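First up is the structure itself, then whatever we jot down about it.
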Amino acid sequence: MIVIDNVIISDDVVEEQFVCNLSACKGECCVAGELGAPLDEEETTKLEQVYEKVKPYLTAEGIKAIEKQGKWVRTEEAEKFNTPLMGNKGCAWLNYDENGVVICAIEKAYRAGVVDWKKPISCHLYPIRITKQRKTGNDMVNYERWSVCKPACKNGKALQVPVYKFLKEPLIRKYGEDFYNALDEAAKKL
């Protein structure tokens with residue numbers, strides 16, 4: 001375990017290897033699962049703000065799901081916020097590229113210069129998941145293993161890229177460059 005600025009990082013984040021292989025998995029992480037993407041509470045406001053600008057990038061099914069359920073949903077039993085789902089067809093905020101690979105509609109709008117927010121941080125950080133430690137409230141940064149990501153694990157091993165290096169940009173987005181540099185130094189010592 002590595003601790004930086006009260007953030008607890010699992011050794012798996014530096015020891016395991018991972019590089020998305022979208023041509024193999026087609027973005028299945030945005031489709032499979034029982035809940036939408038986890039959201040920070042402030043991201044619920046961001047979804048409200050970007051919806052009209054992102055709407056042209058959404059699928060018809062996504063628009064229908066969002067207009068029925070809301071731009072985000074609250075899971076009462078877990079007291080968490082998530083993106084809504086389109087039944088068993090994935091996150092309501094998804095779309096597809098020309099090759100049939102899932103792409104976040106928010107990110108598509110971001111790349112087009114329509115919005116200044118790339119996507120929810122949990123999506124950007126995946127396969128890292130952040131949870132709060134109950135006693136202290138400190139972030140716990142863990143690598144989440146999921147069968148849909150087997151091609152990414154194989155790709156990461158072939159390219160010899162640790163999870164944290166693959167996720168450099170979102171880690172800096174979440175915690176800052178000093179944090180990332182400290183993580184990189186700690187990883188070199190492991």
inquiry  = Quick check on Asp11: is it under 24 Å from Lys168 (Cα atoms) and assigned by TED's automatic domain parsing to the domain that holds Cys104?
reply    = no
ask   = acidic (Asp, Glu) and surrounded by 14 or more Cβ atoms within 10 Å (Cβ to Cβ), is that true of Asp97?
value = no
inquiry  = Looking for something touching a residue at least 60 places away in the same chain (Cβ under 8 Å), buried (at least 20 other Cβ atoms within 10 Å of the Cβ) and aromatic (Phe, Trp, Tyr) - is there at least one such residue anywhere in the stretch 63-86?
reply    = no
inquiry  = Being at pLDDT below 95 and either over 16 Å from Cys29 (Cβ atoms) or not hydrophobic (A, V, I, L, M, F, W, C) (or both) is true for just one of Pro170, Pro162, Pro151. Which residue is that?
reply    = Pro151
task = Within the stretch 118-152, count every residue that is out of contact with any strand residue (DSSP E or B) (no Cβ under 7 Å at 6 or more places or on another chain) and closer than 24 Å to Ala32 by Cα.
result = 13
query = Hey, any hits in the stretch 26-39 for a residue that's charged (D, E, K, R), more than 18 Å from the chain's Cα centre (by Cα), within 30 Å of Pro151 (Cβ to Cβ) and part of a loop (DSSP other than H, G, I, E, B)?
reply = no
ask   = Can you name every residue in the stretch 148-178 that is among the small types (Gly, Ala, Ser) and either in contact with a His (Cβ under 8 Å, 6 or more places away or on another chain) or over 17 Å from Ile8 (Cβ atoms) (or both)?
value = Ala152, Gly156, Ala158
ask   = Does the stretch 3-14 include one or more residues that are in a loop (DSSP other than H, G, I, E, B), in contact with a strand residue (DSSP E or B) (Cβ under 9 Å, 6 or more places away or on another chain), of a type in the set (A, V, I, L, M) and on the phi < 0 side of the Ramachandran plot?
value = no
task = Grab the strands (runs of 3 or more DSSP E) fully contained in the stretch 69-175, keeping just those with 1 or more residues being more than 13 Å from the chain's Cα centre (by Cα) and over 15 Å from Cys20 (Cα atoms).
result = 73-75, 80-82, 94-96, 128-132, 139-143
ask   = Which one of these does Cys30 not meet: (1) hydrophobic (A, V, I, L, M, F, W, C); (2) without any contact (Cβ under 8 Å) to a residue 12 or more places away in the chain; (3) buried (at least 17 other Cβ atoms within 10 Å of the Cβ)?
value = (2)
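The values are calculated or read from the model by the stated rules, or taken from the named source; none is laboratory data. Bear in mind that the values here come from a model prediction, so they are computed numbers and not experimental data. Every residue, glycine among them, receives a Cβ derived from its backbone with ideal geometry; neighbour counts consider all protein chains shown.
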